[in-house]
Amino acid sequence: MAIKKVCVVGSGLMGGGIAQVSAQAGYEITMVDVKQEFIDRGMKGIKASLGKFAEKGKISQADMEKALAAIRTSTNLKEAAKDADYVIEAVFERADVKIPIFEQLEEVCPKETILASNTSGIPISLLASATQRPEKVIGMHFFSPVPMMKGLEVVKSLLTSEETLKVSLDFARAIGKEPVVVKDSPGFVTNRIIPLVMNEAAKLLEEDLAGMEDIDSIVRLSFNWPMGPFQLADLVGVDVAVDLLEGIYQQTGWERYKPTPLLKRMVEVGYLGRKTGKGFYGLFDKK
Ligand SMILES: NC(=O)c1ccc[n+]([C@@H]2O[C@H](COP(=O)([O-])OP(=O)(O)OC[C@H]3O[C@@H](n4cnc5c(N)ncnc54)[C@H](O)[C@@H]3O)[C@@H](O)[C@H]2O)c1
């Protein structure tokens, strides 16, 4: 099955990035959101990102214009998705927001259309059960910032067909990613590991084993990580880390995924990281 038209649902951080890399690879994109202002914000982000690539000479001005021209936008999901070959959903990480989208996609998309989700941990089988085509539903878990990160976790549910997997892997490679296939389980692979690191780092801080900046430094210097666990938590969002931990804890009952009280207190007081202008940095680096 050849993919030509891609519909991206959600024009936020991830949806915008996915639309951008897909447009750069030559696909025809329709990016959907619920309000024009969200689409405008998404398009602004795409233009800024392409602009940076052009400034650095990584793409030409003509490539940039071609990619922008390949992205159409819409606030009407049913209209936008009705002739898509491949749909990638990237809306809020809530099953009650994602499921109605899969129900509408089932209604309007041709029966061959593959329906993918960029969910960070909602079971793909749950989203698939909202459709009559579970074999055509798959997880395509991109990483932020999408234009920079090569990794793509491709999540195969119990019912995802080999054909859907093959088309998705071909698509992933065509947009410059290096996909890794994993099974559908809470948190997949990446989110089984990374939130635990943040949780453990927060426990170290609670136990006063070392200062925040020292913990970040020793991790960066010893493991050659580009950033330490607290810098990462501030970047990803402390609330996102808590949601991921709680999501896995609720699905599995594994004690190690219980968010440590410090993380929960930080969410309660709005210290979420970069998105609120203060997180671990802003709280624990106060002299
Ligand atoms: N942020 C990350 O680092 C990251 C990484 C991997 C996966 N994800 C996943 O990607 C998804 C999106 O995350 P994000 O960070 O881009 O969120 P975001 O808040 O930046 O964007 C979500 C967008 O979805 C739109 N939206 C909400 N309901 C909608 C609907 N019914 N129809 C159309 N659009 C709708 C919102 O208006 C918003 O613009 C989530 O499932 C998240 O878990 C995020």
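The values are calculated or read from the model by the stated rules, or taken from the named source; none is laboratory data. Quantities reported herein were computed from a predicted structural model and do not represent experimental measurements. Glycine also receives a Cβ, built like all others from the backbone with ideal geometry; neighbour counts cover every protein chain displayed. Each accessible area value is taken on the protein alone, full model and side chains, heavy atoms only, with ligands, DNA and RNA left out. Shrake-Rupley method; radii C 1.70, N 1.55, O 1.52, S 1.80 Å.
If the condition is being closer than 19 Å to Thr260 by Cβ and either open to solvent by 50 Å² or more (accessible area, probe 1.4 Å) or polar (S, T, N, Q) (or both), then segment 214-234 contributes Asp214, Gln231.
Considering (1) touching a Ser or Thr at 6+ places or on another chain (Cβ under 6 Å); (2) free of Cβ contacts under 8 Å to residues at least 12 places away in the same chain, the lone condition that Glu162 does not fulfil carries the number (1). Of all the residues in segment 1-21, those that are assigned to a loop (DSSP other than H, G, I, E, B), more than 22 Å from Lys66 (Cβ to Cβ) and within 11 Å of the ligand (Cβ to nearest atom) number 2. Restricted to helices (runs of 4 or more DSSP H) entirely inside segment 181-263, those with at least 1 residues that are under 20 Å from the mean Cα position of the chain (by Cα) and basic (Lys, Arg) are 190-206. Among the residues making up segment 123-154, those that are more than 30 Å from Lys47 (Cβ to Cβ) and open to solvent by less than 30 Å² (accessible area, probe 1.4 Å) are Ile124, Leu127, Ala128, Ala130, Thr131, Arg133, Val137. Remark: pairs (first residue in segment 36-50, under 14 Å from Ser74 (Cβ atoms); second residue away from the ligand (no atom under 13 Å from the Cβ) and β-branched (Val, Ile, Thr); Cβ separation under 9 Å; 6+ apart in sequence or on different chains) = Met43/Ile71. From the list Arg94, Arg133, the one residue that fits, being modelled with pLDDT of 95 or more and of a type in the set (Lys, Arg), is Arg133.
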